[in-house]
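Attaching a single structure in structure tokens format; questions to follow.
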Amino acid sequence: MARNVTTQRKIITTAAAWTIGLIIFFPIYWTILTSFKTEAQAINDPPLFFAFNWTLENYAIVQERSDYMKFLWNSVVIAGGSTILGTLIAIPAAWSMAFVPSVRTKDILLWMLSTKMLPAVGVLYPISLVFVQFNLLDTRGGLMVVLMLINLPIIVWMLYSYFKEIPGEILEAARMDGATLKEEILYVLTPMAIPGIASTLLLNFILAWNEAFWTLNLTATNAAPLTAFIASYSSPEGLFFAKLSAASTMAIAPILILGWLSQKQLVRGLTFGAVK
Amino acid sequence: MATKASRSAARTMMTPAVILLLGWMLVPLIMTLWFSFTKYLPLRGDSIQRGLEWVGFANYSRFLSSSAFWPSVQTTLIMVGGVLLITVVLGVLLAMLLDQPMWGQGVVRILIIAPFFVMPTVSALVWKNMMMDPVNGIFAHLWRFFGAEPVAWLQDASLSSVVTIVSWQWLPFATLILLTAIQSLDSEQLEAAEMDGALVIKRFWFIVLPHLARAITIVILIQTIFLLSIFAEIFVTTGGAFGTRTLTYLIFQRVIDSQNIGLGSAGGVYAIILANIVAIFLMRIVGKNLDA
């Protein structure tokens, strides 16, 4: 029996939910709106919501001043590289744990997760020493490896929870039909695993994109991604609200879109499969 | 059926991930432990090549007895506790609201989840300038509109301001997880209670909340782990000034600003111990789930 909901109650719920949603979203909305104003309009009192001349000049200024494209490219390479690298290493591990579990599988999974709990600040200096030693400071490769290692436990966990849902009977059936291990992996498992692998890639790309401890501390100019690009706006300088807004919008726009696409997988990924 | 051959193949497939994580965990950990027992001031010429002077537990006791330590612990507790309280309470309420039938639920979900995807440096800067700036921020406009004197949020109410910013970032996470949990609640149970005349508050207390207990625990544990190492939000807004210096930030300052590696490493070991205590509880819960 479906619950009987009066129209009146539905209207109230809708109004309340939309109000709260808009309040929570407001800082982002306001930033995007301000990015299209001139600096004078950006600090107008009272604040301008509609009646202003839309302009793109801030985007041009930001690009010219700090070469947004270079930071964007660094973010794409670092986040993308670390995610792909991590997934390539995690797929065989998650695969074997899901399909050939041993008595120690559970312990290994939990131990992997526990490396995630190591507070970054506690090991900042050793890592930077290692970076200096191997000439990795301010390189995309070095950062890629660090972010890969940070997210590796989550990648393994996510893949493991997806692989576990593939029914073992299908594998047995394939084996009975005479499939070799290679055929089994290529033609039976891979097609079923692709959705899980795709959402793992997506979520970890987002996590790597937004990582802001190692990216701030291990880069200077060459390998600095968007997190560092934005941090360079942290000291106020005359009129800079519109420019700050444009820079912020450019830094978050790509990931907001990906994030909205991945929200269904988010819960299960970030709770390591404990909430589905 | 796992054969002997497939077992050894499985072990081979696991090896790269295990070795990498083992190295990632052990190498820096051992170095931090080592440094924490030495006098290590790179600016005064100390270096590994020249050999570090062993000082026993001096760094540990100095870190504990420094005047900045207890305030930083207090700040950490207030920040983590405040954010947890706000996100869990509001998260439960929001999740229950979003679970009701309404128009445009998908869009509202998208609006609410958005802050989680904003990178920490951006959300900190946007809040610092666009919202909390004492002259041109939205709050200043609002305050003036109601005839009040605008507040210099990040100076006069710095800790609660940072708590607000961080809560804004984590509320979507809590809401989304709690909403997922609520949606798995058996609605017939609620209806039965409703027909028996149980009040809203009773239905919440005896049916909804117990059902959410597990999800709430998970939200608290996962957030605690991330919140203990909050960095960018403080780095960008106050730089640790005005009573916003957490344990993490204090260690960061010891290592990077004052270049006292020994002292900072001792602090780091304390932080690692603290994080592990939280982690053990999380592991228990996640581990239980593995058997199911």
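Inspect the range B:74-85 for any residue being within 14 Å of chain A (Cβ to nearest Cβ), in contact (Cβ under 8 Å) with a residue 12 or more places away in the chain and surrounded by fewer than 20 Cβ atoms within 10 Å (Cβ to Cβ) and give the result as yes or no.
No, there is no match, as no residue in the range B:74-85 is within 14 Å of chain A (Cβ to nearest Cβ), in contact (Cβ under 8 Å) with a residue 12 or more places away in the chain and surrounded by fewer than 20 Cβ atoms within 10 Å (Cβ to Cβ).
Can you tell me how many residues within the range B:7-46 are among the small types (Gly, Ala, Ser), under 29 Å from residue B:62 (Cβ atoms) and either surrounded by 11 or more Cβ atoms within 10 Å (Cβ to Cβ) or within 8 Å of another protein chain (Cβ to nearest Cβ) (or both)?
Qualifying residue count for the region: 1.
Does residue B:160 meet the test of being surrounded by fewer than 21 Cβ atoms within 10 Å (Cβ to Cβ), more than 7 Å from chain A (Cβ to nearest Cβ), within 22 Å of the chain's Cα centre (by Cα) and within 30 Å of residue A:209 (Cα to Cα)? Steps first, please.
Values: surrounded by fewer than 21 Cβ atoms within 10 Å (Cβ to Cβ): yes; more than 7 Å from chain A (Cβ to nearest Cβ): yes; within 22 Å of the chain's Cα centre (by Cα): yes; within 30 Å of residue A:209 (Cα to Cα): yes.
Against the criterion (surrounded by fewer than 21 Cβ atoms within 10 Å (Cβ to Cβ), more than 7 Å from chain A (Cβ to nearest Cβ), within 22 Å of the chain's Cα centre (by Cα) and within 30 Å of residue A:209 (Cα to Cα)), residue B:160 qualifies.
Now, a different point. If you go through the range B:185-200 one residue at a time, do you hit one that is crowded, with 18+ Cβ neighbours inside 10 Å and of a type outside the set (A, V, I, L, M)?
Within the range B:185-200 (the criterion being crowded, with 18+ Cβ neighbours inside 10 Å and of a type outside the set (A, V, I, L, M)), the answer is no, since none of the residues qualifies.
Can you tell me which of (1) without any contact (Cβ under 8 Å) to a residue 12 or more places away in the chain; (2) more than 7 Å from chain B (Cβ to nearest Cβ); (3) part of a helix (DSSP H, G or I); (4) of a type in the set (Phe, Trp, Tyr) is the one residue A:25 doesn't meet?
(2)
Across the range B:103-132, which residue is farthest from the other protein chains (Cβ to nearest Cβ) among those that are in a loop (DSSP other than H, G, I, E, B) and more than 25 Å from the chain's Cα centre (by Cα)?
Here the answer is B:104.
Which numbered condition in (1) within 30 Å of residue B:167 (Cβ to Cβ); (2) in a helix (DSSP H, G or I); (3) of a type outside the set (A, V, I, L, M, F, W, C) is the only one that residue A:70 fails?
So the condition that residue A:70 fails would be (1).
Is it the case that the range B:264-283 has a residue that's in contact with a Phe, Trp or Tyr (Cβ under 9 Å, 6 or more places away or on another chain), at the interface with chain A (Cβ under 8 Å from one of its Cβ atoms) and of a type in the set (Phe, Trp, Tyr)?
no
Just give me the residues in the range B:150-168 being under 23 Å from residue A:22 (Cβ atoms) and hydrophobic (A, V, I, L, M, F, W, C), in sequence order.
Listed by number, the residues that qualify are B:153, B:163, B:165, B:166, B:168.
Among the residues in the range B:215-233, are any more than 16 Å from the chain's Cα centre (by Cα) and farther than 17 Å from residue B:32 by Cα?
Yes.
Here, each number is a calculation from the coordinates, and none is a lab measurement. Since this is a predicted model, take the numbers as computed values, not measurements. Because the Cβ atoms are built from the backbone with ideal geometry, glycine has one as well, and the counts that use them run over all protein chains shown.
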